[in-house]
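The values are calculated or read from the model by the stated rules, or taken from the named source; none is laboratory data. Being a predicted model, the structure only gives us computed values, none of them experimental. Glycine also receives a Cβ, built like all others from the backbone with ideal geometry; neighbour counts cover every protein chain displayed.
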Amino acid sequence: MALHLHNTLTRRKEPFEPLEPGRVRMYACGITAYDECHIGHARAALTFDVLLRALEFQGYRVTYVRNFTDVDDKIIARAAELGLPWHEVAARYIATYHRDMDRLGIRRPHVEPRATEHIPQMIALIEDLVRRGVAYPVDGDVYFAVARFPSYGKLSGRDPGDLRAGARVEVDERKRDPLDFALWKASKPGEPTWDSPWGPGRPGWHIECSAMSTHYLGESFDIHGGGADLIFPHHENEIAQSEASTGKLLARTWIHNGFVNIRSEKMSKSLGNVLNVRDLLGRVTPEAVKLFLLGTHYRSPVDFTFERLEEAERSAERLREVVRAVEHLPLGAGPPASEALGAALAAREEFTAALEDDLNTPRALGALFTLVREVHLARERVERSPDAAGAAACRAGVRTLEELAGVLGVGLRPGGAEGRRTAAGDPSLLALRDFLRGRPDLGSLEDLGWDGATVDTDRVVERAVQVFRAEARRRKDWAFADRLRDLLRALRVEVKDTPQGPRWEYLR
C-alpha cells in the first residue's frame with residue numbers, strides 16, 4: 001500500500017503522488033509571534049514533523065518550509081501592552097517557540113522565512129494581481145476582489161453567496177464586496193510601515209504565505225497545511241490570490257490538524273484555558289506530550305486532561321524501560337532467535353501500514369507497544385535461561401523499536417528522539433571526563449564520540465552510570481559513587497537506585 005493522505009481540498013483520502021518523483025515540497029503555516037507557545041501550536045508542529053519523518057521513511061527527499069508571521073495587528077497590540085518595539089516582541093516569541101519545539105524534539109523545517117524579510121515579494125505579487133484586475137487600490141489600501149475568482153470557497157466548501165448573506169457590513173464602504181480582503185494596509189500612526197506603489201503601509205496577513213511559499217517551493221507544490229482554524233479564511237484566501245496570479249493549482253494536497261479541546265471546549269485565550277508548552281514540560285517529559293498528542297489521529301480533536309497526560313507519561317516510561325532492561329542482558333555471540341525477529345518484522349509491517357493510512361499514529365503506537373510486549377517476553381526467557389541468540393534477538397527488537405519510534409519523533413532514551421548532545425568544552429562535561437580519567441581501572445570515555453565539537457551526552461551518561469558507578473558500588477567505593485552522582489547532577493542528570501540497578505533521567 002502506498003501512502004494515502006486525506007486531502008482537505010477534495011474531502012477524501014487519496015494516494016499521495018508528488019509532482020516530481022522522489023521529491024516532496026511542503027509548506028505549513030507557522031505562528032504569529034506575539035505570545036508563548038501553547039499545546040495547539042505543538043500539535044500543529046508535531047503533525048507536520050511526523051509527516052516529514054514519514055515521507056523520509058518512505059524514501060522521499062523533502063523540502064519543508066514553515067513561516068513566522070512577525071508583523072501583525074496582534075504583535076503591534078502586544079508591543080503596546082509590553083512597552084516594547086514590535087520587532088523585539090516578535091523576536092522574543094520566535095525564540096521561545098524555538099525553545100519549546102527544540103525541547104519537544106520537533107525538528108526545525110529546512111527553511112523558516114519571516115514575513116518582514118519578504119516584503120518585496122509580497123509587493124510584486126500584489127502588483128501582479130492589480131494588473132490582472134483581481135485586486136484594486138483604495139486610498140493606500142489594496143483589496144482582493146473575491147468576485148473575480150469564481151472558485152472561491154473550494155477549499156472550505158463555503159458558498160460565497162451564503163457568506164455575503166451572513167457578512168456583517170463594515171464601516172469601510174470602499175470595499176466593492178463584503179468578502180474582499182486586504183492585501184496591503186495603509187500606514188497608521190505608530191505602526192511599522194514599508195514603502196509601496198500605493199504609499200507607505202504593511203502587508204495583509206494572507207498575502208505573506210502566498211509570497212513566501214511560492215518563493216521557496218515554486219508556483220505549484222505538493223503539500224500545504226496547518227491547523228483546521230486556518231482553512232477559512234486564511235488558506236481559502238491564499239488559494240484565491242495565488243491561483244488568480246499564476247493560473248496554477250497552489251498545492252496538490254492540503255493537510256489540516258484538529259483542535260486541542262479543554263473540557264470539551266476549544267482552547268482559546270478568550271476562554272482562559274490555554275496550556276503553554278513550557279508549563280507542561282515542567283510536569284512531564286517531552287515524550288509524554290508527544291505520545292498524548294499522537295494517541296489521537298491528527299485530523300480529530302484532542303480532549304486534554306492531566307490524567308491523560310500522566311497516562312502518556314507512563315506509556316513513555318514503558319518504552320524507556322524496555323530499552324534499559326535489554327541493555328542489561330549479557331552480551332553473547334550468535335544469530336538472533338528467529339521468533340523474536342519475526343515479531344520485529346511484524347511490528348514494522350503494521351507500523352508502516354498505519355503510517356500509510358493517513359498517518360494513523362494511534363495504530364502505529366499500537367504496533368510499537370505490541371513489539372514492547374514481545375521483547376519483554378523474550379527478555380524474560382533469556383533471564384531465566386541465558387541464551388546468546390535470545391539476547392541478540394532482544395537487542396534487534398529494541399533497535400527496530402527505536403527506529404520506528406523515531407519516525408514518530410519519539411525517543412526511547414532520556415535524551416529524546418534525536419538524543420542529546422553537549423558542547424565538548426562544557427565545564428560540567430569536562431569535569432566528568434577528567435574525574436573518570438583519573439580511574440583508569442574503570443575504563444575510558446574516549447570511544448563515546450568525543451569528537452572535538454560536541455559529545456553524545458546520552459552515551460556518556462549511560463556509560464558513566466551503568467559501568468563506572470555500578471563498578472564503584474560493587475567495590476564499595478561510596479565516595480567515588482557519590483562524587484559521580486554530583487557530577488552528573490551538574491549535567492542535569494538524576495541517578496536513582498532501583499532493584500534492577502541504577503537508572504537515570506534528565507532533570508526538567
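Could you look through the stretch 466-482, keep only residues that are over 20 Å from ALA325 (Cα atoms) and exposed (fewer than 14 other Cβ atoms within 10 Å of the Cβ), and pick out the one that is modelled with the lowest pLDDT?
Among those residues, the one meeting the criterion is ARG475.
Are there any pairs with C-beta distances below 6 angstrom linking a residue in the stretch 10-33 that is free of Cβ contacts under 8 Å to residues at least 24 places away in the same chain to a residue that is part of a strand (DSSP E or B), with the two at least 6 apart or on different chains, and if so which?
Once the first residue is free of Cβ contacts under 8 Å to residues at least 24 places away in the same chain and sits in the stretch 10-33, its partners that are part of a strand (DSSP E or B) give PRO15/HIS4.
Do any strands (runs of 3 or more DSSP E) lying entirely in the stretch 178-248 carry at least 3 residues that are within 22 Å of the chain's Cα centre (by Cα), closer than 23 Å to ASP49 by Cβ and of a type in the set (Gly, Ala, Ser), and which ones are they?
In the stretch 178-248, the matching strands (runs of 3 or more DSSP E) lie at 221-227.
For PRO189, work out the one condition from (1) at pLDDT 95 or above; (2) under 18 Å from VAL71 (Cβ atoms); (3) of a type outside the set (S, T, N, Q) it doesn't fulfil.
The number of the failed condition is (1).
Keeping to the stretch 345-374, report how many residues are under 17 Å from ARG318 (Cα atoms) and crowded, with 17+ Cβ neighbours inside 10 Å.
Matching residues across the stretch 345-374 total 8.
Per-residue answers, yes or no, for (1) modelled with pLDDT under 95; (2) under 16 Å from LEU129 (Cα atoms):
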| residue | (1), (2) |
| --- | --- |
| GLU170 | yes, no |
| LEU217 | no, no |
| PHE232 | no, no |
| ASN237 | no, yes |
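If you scan the stretch 125-145, which residues turn out to be free of Cβ contacts under 8 Å to residues at least 40 places away in the same chain and not charged (D, E, K, R)?
The answer is VAL130, GLY133, VAL138, ALA145.
Looking at the stretch 122-142 only, could you name the residues that are farther than 21 Å from ALA251 by Cβ and within 34 Å of the chain's Cα centre (by Cα)?
ILE123
For residues in the stretch 389-448 being of a type in the set (Asp, Glu) and modelled with pLDDT of 80 or more, which is surrounded by the fewest Cβ atoms within 10 Å (Cβ to Cβ)?
My answer is GLU403.
For GLU173, which of the numbered conditions (1) without any contact (Cβ under 8 Å) to a residue 24 or more places away in the chain; (2) of a type in the set (D, E, K, R); (3) buried (at least 21 other Cβ atoms within 10 Å of the Cβ) fails to hold?
The failed condition is (3).
Restricting to the stretch 193-210, give me the number of residues that are touching a strand residue (DSSP E or B) at 6+ places or on another chain (Cβ under 8 Å), buried (at least 17 other Cβ atoms within 10 Å of the Cβ) and either of a type outside the set (Phe, Trp, Tyr) or more than 28 Å from VAL302 (Cβ to Cβ) (or both).
The number of residues fulfilling the criteria is 10.
Determine if the stretch 147-155 includes at least one residue that is surrounded by 20 or more Cβ atoms within 10 Å (Cβ to Cβ) and closer than 30 Å to HIS110 by Cβ.
So far as the stretch 147-155 goes, yes, one or more of its residues are surrounded by 20 or more Cβ atoms within 10 Å (Cβ to Cβ) and closer than 30 Å to HIS110 by Cβ.
If you go through the stretch 51-69 one residue at a time, how many are in a helix (DSSP H, G or I) and in contact with a Leu (Cβ under 6 Å, 6 or more places away or on another chain)?
Selection size over the stretch 51-69: 1.
Mind checking whether some residue in the stretch 374-386 is in contact with a helix residue (DSSP H, G or I) (Cβ under 7 Å, 6 or more places away or on another chain), under 22 Å from LEU51 (Cα atoms) and modelled with pLDDT of 90 or more?
No; the residues of the stretch 374-386 include none that is in contact with a helix residue (DSSP H, G or I) (Cβ under 7 Å, 6 or more places away or on another chain), under 22 Å from LEU51 (Cα atoms) and modelled with pLDDT of 90 or more.
Specify which of the listed residues (GLY105, GLY83) is at pLDDT below 95 and out of contact with any strand residue (DSSP E or B) (no Cβ under 8 Å at 6 or more places or on another chain).
GLY105
Identify the single condition in (1) surrounded by fewer than 22 Cβ atoms within 10 Å (Cβ to Cβ); (2) under 20 Å from PRO286 (Cβ atoms); (3) not β-branched (Val, Ile, Thr) that GLY40 does not satisfy, given that it satisfies every other one.
(1)
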